[in-house]
Amino acid sequence: MKAPAPLSMELNGVRLEPLGPQHAEGLLAAARDGELWTLRVTSVPAPNEVDAYIDKALEMRPGRLAFAVIDAASGAVIGSTSYHDIVPDVGRIEIGYTWYAKSRQRSHVNTTCKLLLMTHAFEKLGAALVGLRTDNFNHASQAAIERLGARKDGVLRHHALRRDGTVRDTVMYSITGGEWPEIKAQLRYRLERHGRV
C-alpha cells in the first residue's frame, strides 16, 4: 500500500482538504455548533484548544493525515476527519478523529466523507483493510460506523484516555478490500436516494 500524501477531494458539495492553521477559526465555529467539546466521548477541541489540536494533527504525520471538512458552496469548515494508524507494510489504514458540527450530523456529510476516504484508500493507495474505531459509550458513532457496512472486530478494553481523564474501551471495526465493492455500491445507493450523487 502507498502511504497517503496530502490531497483535496470533493463530492456532493463536501470538500476534504489538508488541515492547517488557516482552518482554526472555521474549526472553532464548527465545534461551537453544538458545543461539541462538552461531549466526553469525542476528541473535539474546546475553544482554547483549536490551535493545539491542529498542531498535534500536523505533528503526527506521517502516521496521521488530517483533513478539514468544508462546505464547498460556502467555504465554511463543518468538521474534521483523518487517516491515521497508517501501516503501509500490511495495507492497513484507519479513518477517525471524525467530528462534524451538530447541524451537519445525520446528514449526507458523513457518508460522503467516508465514500471519498475509502475510495481513495482502497482504489488509489491499495489498502487491504480500512479500520474505524470509537469509544464504547459513543453509541451514535457506533451506529454510524455500522450503517457504513463495517464489521465489528471487537473491543480493546482499557485502551485510551478520554478528555476527562477516564479510560475508555475502544470498539474496533473494519472493512476489507474484498468487501469494498459492495459497500461502495451501497453507500452510493444511499446518497442517490437522497439526491446526492
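Can you name the number of the only condition in (1) crowded, with 22+ Cβ neighbours inside 10 Å; (2) outside any strand (DSSP E or B) that Ser74 fails?
Looking at each condition in turn, Ser74 falls short on (1).
For residues that are of a type in the set (S, T, N, Q) and closer than 14 Å to Arg147 by Cα, scanning just the stretch 168-197, find the one that is surrounded by the fewest Cβ atoms within 10 Å (Cβ to Cβ).
Filtering the stretch 168-197 for residues that are of a type in the set (S, T, N, Q) and closer than 14 Å to Arg147 by Cα, the one surrounded by the fewest Cβ atoms within 10 Å (Cβ to Cβ) comes out as Gln186.
So is Lys152 touching a residue at least 60 places away in the same chain (Cβ under 8 Å) and among the charged types (D, E, K, R) or not?
no
Would you confirm, using the coordinates I've provided, whether Asp85 is acidic (Asp, Glu) and assigned to a helix (DSSP H, G or I)?
So Asp85 fails the test.
So in the stretch 29-83, with the set limited to residues that are without any contact (Cβ under 8 Å) to a residue 24 or more places away in the chain and small (Gly, Ala, Ser), which one is farthest from Arg163 (Cα to Cα)?
It comes out as Ser74.
Scanning the stretch 124-139 for residues that are touching a residue at least 24 places away in the same chain (Cβ under 8 Å) and in a helix (DSSP H, G or I), which turns out nearest to Leu11 (Cα to Cα)?
So, considering only residues that are touching a residue at least 24 places away in the same chain (Cβ under 8 Å) and in a helix (DSSP H, G or I), the one nearest to Leu11 (Cα to Cα) is Lys124.
How about the stretch 111-124: which of its residues are surrounded by fewer than 19 Cβ atoms within 10 Å (Cβ to Cβ), in contact with a helix residue (DSSP H, G or I) (Cβ under 9 Å, 6 or more places away or on another chain) and not β-branched (Val, Ile, Thr)?
Of everything in the stretch 111-124, just one residue is surrounded by fewer than 19 Cβ atoms within 10 Å (Cβ to Cβ), in contact with a helix residue (DSSP H, G or I) (Cβ under 9 Å, 6 or more places away or on another chain) and not β-branched (Val, Ile, Thr), namely Glu123.
Readers should treat all values here as calculations from the given coordinates under stated rules, not as data from a laboratory. Please read these numbers as outputs of a predicted model, since none were measured by experiment. Here Cβ is always computed from backbone atoms with ideal geometry, including for glycine, and neighbour counts include all displayed protein chains.
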